[in-house]
Ligand SMILES: O=C(O)CCC(=O)C(=O)O
Ligand SMILES: [Fe+2]
């Protein structure tokens, strides 16, 4: 089904995502939406500080709205699997109910859907994780993140079975001074017989093709660059990147070219969509202000470990038919039941 947000992620953006492993969508969120998320994260940060928590030391800057301690631990674990339960809890975290949920399950999931394989009954699109990533002021030495791929946080079998997309959303303008992202795009495959770049495979909407393609490109990464070298290469577009052409394993008929790292410099409301397999890191915050980001992650399927356990959240994003029916039934029953107060008066 087409959504009102599809124009934000057009064919060109999709192509870039599958070629480079990421795509930046400028001003994807409105000022109002940024305001809603800022108010929520500020409230959580203020609460944690009032509880004598240290955002960097105790949380590593990562604040999960439901489990950070702001609301009591949920009695039931249903929220991990149900959009309705999850939304209910999210409405207890935010000061203004029904402001964050429509962003998360409305706009964010509609955008991410364009970058994941087509959802099926076996592999519904799910919310896999939701976090704010906060870097406190003047925290250069403690708030950087090492090079990583987000799928690395899943167990080995899950990494190979479930594509994920991280929607890294700037809630402040970010640049080299306050802890921005540094991304190493996927290496680009070249046809050695023609010397030209290879196109993308067809049917990237299929789960298997998507996984295979992203994992293959990621397998062509060379050793991680020293961070300063990566920043220098990102800055200097005239500098040629050394060690570019290598044979791509396992298909020796392909060669690949390493791409220049990208130092993200964006304004609040812009979203960086990252494939679970793209290599990135982030710098420390050397500014005198907080650096706030919001990052829901979506998966194609309910991400399970080899023995069937859940890795994190597995909240289906589509409205669940069963839940909808139940809700309707409850409403009908409530309508049919005589009002207790009226009954009392009539006696
Ligand atoms: O916000 C950041 O600085 C980087 C966060 C990140 O890459 C992650 O949490 O996976
Ligand atoms: Fe990451």
Which members of region 125-165 meet the condition of being farther than 19 Å from residue 21 by Cα, in a loop (DSSP other than H, G, I, E, B) and within 14 Å of ligand 2 (Cβ to nearest atom)? 143, 144
Output yes when any residue across region 76-84 is touching a strand residue (DSSP E or B) at 6+ places or on another chain (Cβ under 6 Å), part of a helix (DSSP H, G or I) and either farther than 18 Å from residue 38 by Cα or at pLDDT below 95 (or both), and no when none is. yes
Scanning region 140-171 for residues that are away from ligand 1 (no atom under 11 Å from the Cβ) and farther than 26 Å from residue 113 by Cβ, which turns out modelled with the lowest pLDDT? 156
By residue number, the members of region 271-316 that are part of a strand (DSSP E or B) and over 19 Å from residue 110 (Cβ atoms) are 279, 280, 281, 282, 285, 291, 292, 293, 304, 310
Residue within region 189-201 that is modelled with pLDDT of 95 or more and either under 30 Å from residue 62 (Cα atoms) or touching a strand residue (DSSP E or B) at 6+ places or on another chain (Cβ under 9 Å) (or both) present: no
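Quick grid of which residues meet (1) on the phi < 0 side of the Ramachandran plot; (2) touching a helix residue (DSSP H, G or I) at 6+ places or on another chain (Cβ under 9 Å); (3) crowded, with 20+ Cβ neighbours inside 10 Å:
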site	(1), (2), (3)
178	yes, no, yes
181	yes, no, yes
186	yes, yes, yes
193	yes, no, no
197	yes, yes, no
200	yes, yes, no
205	yes, no, no
209	yes, no, no
214	yes, yes, yes
Could you list, ordered by first residue, the pairs with Cβ atoms under 9 Å in which the first is in region 280-309 and on the phi > 0 side of the Ramachandran plot and crowded, with 20+ Cβ neighbours inside 10 Å and the second is at pLDDT 95 or above and part of a strand (DSSP E or B), at least 6 apart or interchain? 301/125; 301/126
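Here is a yes/no grid of residues against (1) surrounded by fewer than 23 Cβ atoms within 10 Å (Cβ to Cβ); (2) away from ligand 1 (no atom under 11 Å from the Cβ); (3) touching a residue at least 24 places away in the same chain (Cβ under 8 Å):
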residue	(1), (2), (3)
92	yes, yes, no
99	yes, yes, yes
112	no, yes, yes
124	yes, yes, yes
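From 28, 13, grab the single residue that is assigned to a loop (DSSP other than H, G, I, E, B), within 30 Å of residue 200 (Cα to Cα) and in contact with a strand residue (DSSP E or B) (Cβ under 6 Å, 6 or more places away or on another chain).
Answer to the check: 28.
Taking region 40-68, which residues are in a helix (DSSP H, G or I) and closer than 21 Å to residue 272 by Cα?
Quick first cut of region 40-68, residues in a helix (DSSP H, G or I) only: 40-50, 55-59.
Scanning region 40-68 gives 40, 41.
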Using the structure shown, decide if residue 183 is near ligand 1 (Cβ under 10 Å from one of its atoms) and either farther than 23 Å from residue 31 by Cα or at pLDDT below 95 (or both). yes
Going through region 244-284 in order, the residues found to be modelled with pLDDT of 95 or more and away from ligand 2 (no atom under 16 Å from the Cβ) are 265, 267, 268, 269, 270
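Within region 1-10, track down each residue that is touching a strand residue (DSSP E or B) at 6+ places or on another chain (Cβ under 9 Å) and part of a loop (DSSP other than H, G, I, E, B). Quick ask: steps written out before the conclusion?
Within region 1-10, the subset touching a strand residue (DSSP E or B) at 6+ places or on another chain (Cβ under 9 Å) is 8-9.
The answer is 9, and nothing else.
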Out of curiosity, is residue 204 under 16 Å from residue 17 (Cβ atoms), touching a strand residue (DSSP E or B) at 6+ places or on another chain (Cβ under 7 Å) and either away from ligand 1 (no atom under 16 Å from the Cβ) or outside any helix (DSSP H, G or I) (or both)? no
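The values are calculated or read from the model by the stated rules, or taken from the named source; none is laboratory data. All figures in this text were calculated on a predicted structure; none of them were measured in a lab. Using ideal geometry, Cβ is built from the backbone for each residue, glycine included, and neighbour counts are taken over all protein chains shown.
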